[in-house]
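For reference, the structure discussed in these notes is given below.
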Amino acid sequence: MVELIIHNARIRTMTAASDAAIVADTAVAVAGGMIHAVGGDAEILSHARDETRIVDAAGATLTPGLIDSHCHPVLGCSATVGIDFGGMVDLESVRAAIAEEASRLGAGEWILGWNLDYKAFETAGIRGDHFDGVTGGRPLAVRFFDMHTGLANSVAMERSGVDGTETFADASEVVVDEDGTPTGELREIPAYSLVFDAVPQGPAEELAGTVQTKLLEMAASGVTGATIMDGDRKTLTTLQALEELPGGLPVRLQVALWHHPGDDDSAVAQRIALLSSSGRRFRVSMIKMFIDGVIDGGTAWLHQPDTHGESAEPFWPSVDRYAEVAEAYHRAGFQLATHSCGDAGVAHVTEVYSRLDPSAGSGAPHRIEHLETMTDHDVDSLVEADVVASMQPLHMQWREAQGTDPWAARLGEERASRAWRVKDVLTAGGRIALGSDWPVAESDARIGLAWARLRRRPGHPESPVFEPAQRLTGVEALLGYTRWAAEALGRDDLGTITPGSQADLALWAADPVETDPDELIATPVLLTTVAGEIIHQTQEVTS
C-alpha cells in the first residue's frame with residue numbers, strides 16, 4: 001500500500017541521467033519505506049488510498065535526503081558541554097569565559113568546555129596555569145575545536161592521576177616542561193582522554209535523549225543519514241537506548257568502529273565480532289583508523305616537516321602494523337576509513353589500500369577522511385586506487401586572509417594553496433563525499449553545501465575566498481551530500497529519487513542547487529522523511 005505521496009513538487013532525482021536538471025515528473029509515491037513510483041501528479045495521486053498521507057509540496061523542490069559523511073553525534077553530545085569558546089581568539093576572552101563559568105559552579109565542580117581556538121595561545125603557548133587565577137581551585141578540562149588537543153589545569157591533572165610520565169602507543173603526548181611538570185597541553189585523544197575519563201558522567205538515558213535532539217536538529221537541515229566516525233560499545237549502547245525512546249532514532253546511521261594504534265590483536269578480534277551489529281536504523285559497517293593527527297597541532301604527517309619542524313611522523317609508531325591491521329579488517333568485511341589531514345598520510349594510506357585483495361572485503365570503496373593538503377601526485381594516486389576522498393570544506397572557517405592562521409602558517413604558502421582539493425579530485429575522475437565532522441564544525445548541512453560552493457564564509461561576501469578554483473557547482477555540492485555520499489558507503493539504494501530506493505527525502509522551500517549559497521544557509525527545509533516516515537515538518541507544508 002502507498003503510505004505517502006508528495007506531489008506538486010520540483011524534483012531533483014540526482015540520478016546520473018538528470019544530475020543537472022529538474023525532471024518533468026512532479027510527484028513521488030512511497031510504499032514500504034521505499035520509492036514506489038515517480039511520475040506526474042495525476043498518475044501518482046491515482047495510487048492514493050484512504051490511509052495514504054498526501055503532501056502538497058506547493059512547488060517546493062524535492063531532493064534525496066542528505067548524508068553527512070563524517071560526524072560524531074554521540075561523542076559530540078558528550079563533549080559539547082560547558083563553555084563554547086567559539087569566536088574567542090585571545091587569551092583574555094578565554095580567561096573571562098572561564099571566570100564566568102567558575103562563578104556559577106559549586107566548589108570543586110569541573111569546569112568543562114570545547115571549541116577552543118589555537119589562535120588564543122599563539123603568543124603565550126598552551127598552558128593550564130594561564131587560568132589559575134580564575135578557576136577558584138576547580139579542575140579545568142577543555143577541548144580545542146578540532147577535538148585533537150585538550151587543555152587541563154593542575155587540579156584536573158591531580159584528580160585524574162596524570163603526572164607527565166605517561167607513555168602512549170602512538171604520537172599522543174602529555175606535554176611537560178623541562179623539569180617534567182605537565183604544562184596542561186594534551187596532544188591527541190588518548191592523552192586528553194586520561195583527564196576527561198575522570199569527569200563524572202550523567203545517566204545513559206540522558207545522553208541518548210541529547211543525541212536524539214541533535215539528530216532531529218540535523219534532520220531539520222535536510223539530513224536523513226550520517227556516518228558516525230568514533231564508534232565503540234558505548235556508542236552502540238547509546239544508540240540502542242535511543243531506539244527505545246519515543247520517536248526512536250531519527251536518521252539512518254552507519255557506524256565506524258574506532259581502532260586505536262595501540263590496540264592488539266584481541267581488540268581487533270573484538271571489533272570484528274561487532275561487524276553488522278545493528279538496530280532499526282543503525283548498522284556497524286566500517287572501521288575508523290588514524291594515520292596522523294592535525295596540522296594545527298603539529299601532529300599531522302606531511303611529506304616535509306611543517307614550519308615548526310613538526311608533523312614529520314605518522315601517528316602509528318609502526319606503519320607496518322597499520323597495514324597489517326587494515327588488511328585484517330578488510331578481509332573481515334569492513335569498509336576502511338582512515339583519518340589523514342597531511343599529504344604524506346594520504347599517500348601512505350592510498351598505497352596500503354591499493355595492495356589489498358580486491359576479491360576480499362565488503363565491496364564498498366575504502367575511504368580517507370579530511371585530506372586537507374595533497375600534492376598533484378597524491379591526487380592522481382588517490383584516483384587511480386579508487387579511494388573515496390571524504391572531505392569537509394567548511395573546515396576552512398578557521399582560515400584567515402594572508403595565511404596568518406595557525407593551519408596555514410604551519411604549512412607555508414605552497415602547501416596551504418593545495419588545500420581541500422575537492423574539485424581537483426572530481427576533475428581527475430575521483431570519488432568525493434562531503435560532511436561536517438560535527439562537533440568540529442557546524443552540523444547544519446546547508447552551511448556545508450554553501451562552503452563547498454563558495455570556499456568562504458557564507459553570508460559574508462566580503463570574507464576571503466580560499467582556492468577559488470576548488471569551488472563546486474550547486475549540483476556537485478548536492479551530489480556530494482546525496483548520491484556520491486551513498487556510493488561512498490557502497491549503497492545503491494540511497495541518495496537518489498528512483499523506484500526501489502529508500503524514501504529518504506528532503507523538501508526545500510527553494511532549490512538548493514539554484515539558490516545563492518549566501519541565502520541557502522537560511523533556506524527552510526520544509527519536510528524530511530526517512531524510509532517514508534516524516535521526521536521533520538514545518539507549518540508551511542500541508543498534509
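The values are calculated or read from the model by the stated rules, or taken from the named source; none is laboratory data. Given the structure is predicted, the values throughout are model-derived calculations rather than measurements. Cβ placement follows ideal geometry from the backbone for every residue including glycine, while neighbour counts extend to all protein chains displayed. All accessible areas refer to the heavy atoms of the entire protein, side chains included, with ligands and DNA or RNA removed. Shrake-Rupley method; radii C 1.70, N 1.55, O 1.52, S 1.80 Å.
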Taking protein heavy atoms only, a 1.4 Å probe, and rounding to whole percent, the accessible area of the stretch 421-543 owed to carbon and sulfur comes out at 48 percent
Between the Cα axis of helix 265-274 and the main Cα principal axis of the chain, the angle (0 to 90°, nearest 10) is 20 degrees
Taking r as the C-beta separation of Ala24 and His377 and R0 as 51 Å, the FRET efficiency to the nearest 0.05 is 0.70
Zone reached by a paramagnetic label modelled 7 Å from Ala428 Cα along Cα→Cβ, restricted to the stretch 280-312 with backbone N below 15 Å, covers 303
In cubic angstrom per residue, the convex hull of the chain built on its Cα atoms measures 150 Å³
per DSSP, antiparallel bridges as share of beta bridges in the chain, % nearest 5, sits at 45 percent
Hits in the stretch 291-328: amide N under 16 Å from the 7 Å Cα→Cβ extension of Glu414, namely 302-309
1/(1 + (r/R0)^6) with r = Cβ-Cβ of Val176 and Ser318, R0 = 22 Å, i.e. FRET efficiency to nearest 0.05, evaluates to 0.35
The stretch 1-129 accessible area per residue, 1.4 Å probe, protein heavy atoms, integer Å², reads 39 Å²
The value for the stretch 186-269 (convex hull of the alpha-carbon atoms, volume per residue, Å³) is 128 Å³
Taking only the alpha carbons of the stretch 232-386, the radius of gyration and the largest Cα-Cα distance, Dmax, both in angstrom, are 16.8, 53
Packing-ranked peptide list from 318-328, 219-229, highest mean Cβ count within 10 angstrom first, is 219-229, 318-328
Shape descriptor, the stretch 314-424: equivalent ellipsoid semi-axes (Cα gyration tensor, sqrt 5λ, whole Å, largest first) stand at 28, 14, 12
For the stretch 50-94, the percent of all C-alpha pairs falling in each 10 Å bin, from 0 up to the bin holding the max distance, is 16, 22, 22, 22, 13, 4, 1
Ordering 371-384, 243-256 by per-residue average of other C-beta atoms within 10 angstrom, highest first, gives 371-384, 243-256
Log10 I(q)/I(0) at q = 0.19, 0.22, 0.26, 0.27 Å⁻¹ for the stretch 328-391, from Debye over equal alpha-carbon scatterers, is -0.63, -0.83, -1.10, -1.17
Taking N as the residue count of the stretch 437-484, its alpha carbon Rg divided by 2.2 N^0.38 Å gives 1.14
Scoring only Lys, Arg, Asp and Glu (+1, +1, -1, -1) among other residues with Cβ under 14 Å from the Cβ of Ala416 yields -3
Around His366 (Cβ within 14 Å, Cβ-to-Cβ, excluding His366; K/R +1, D/E -1) the net charge comes to -2
The alpha-carbon center of the stretch 403-454 and that of the stretch 238-254 are separated, in whole Å, by 30 Å
Candidate cut points under GluC sites (Glu not before Pro) in the stretch 440-505, DSSP loop plus at most 16 other Cβ atoms within 10 Å of their own Cβ, are Glu462
Rounded to the nearest Å, the spacing of the alpha-carbon centers of the stretch 169-188 and the stretch 485-530 is 44 Å
Where a ≥ b ≥ c are root eigenvalues of the Cα gyration tensor, a/c under 1.5 meaning rounded, otherwise prolate if a/b exceeds b/c and oblate otherwise, the stretch 472-543 counts as oblate
Rounded to the nearest 5, the percent of DSSP beta bridges in the stretch 1-131 running antiparallel is 55 percent
Counting only protein heavy atoms with a 1.4 Å probe and every protein chain in place, the carbon and sulfur fraction of the accessible surface of the stretch 307-419 in whole percent equals 46 percent
In vacuo Debye sum over C-alpha of the stretch 1-129, base-10 log of normalised intensity I(q)/I(0) at q = 0.19 Å⁻¹, listed in q order, is -1.05
Sorted on mean Cβ neighbours within 10 Å (highest first), peptides 26-39, 158-171, 68-81, 7-20 come out as 68-81, 26-39, 7-20, 158-171
So the angle from the long Cα axis of helix 445-454 to the longest Cα principal axis of the chain, reported in degrees to the nearest 10, equals 80 degrees
For Thr135, the net charge from surrounding residues (Cβ-Cβ under 11 Å; K, R +1; D, E -1) works out to -2
Between Asp132 and Ser266, the FRET efficiency computed from the C-beta separation at R0 = 41 Å comes out, to the nearest 0.05, as 0.45
Largest first and rounded to whole Å, the semi-axes √(5λ) derived from the alpha carbon gyration tensor of the stretch 146-201 read 15, 14, 10
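State in Å² the accessible area per residue of the stretch 409-495; use a 1.4 Å probe, count heavy atoms of protein chains only, and round to the nearest integer.
For the stretch 409-495, the per-residue accessible area is 34 Å².
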With N residues in the stretch 236-310, Rg(alpha-carbon) / (2.2 N^0.38 Å) equals 1.54
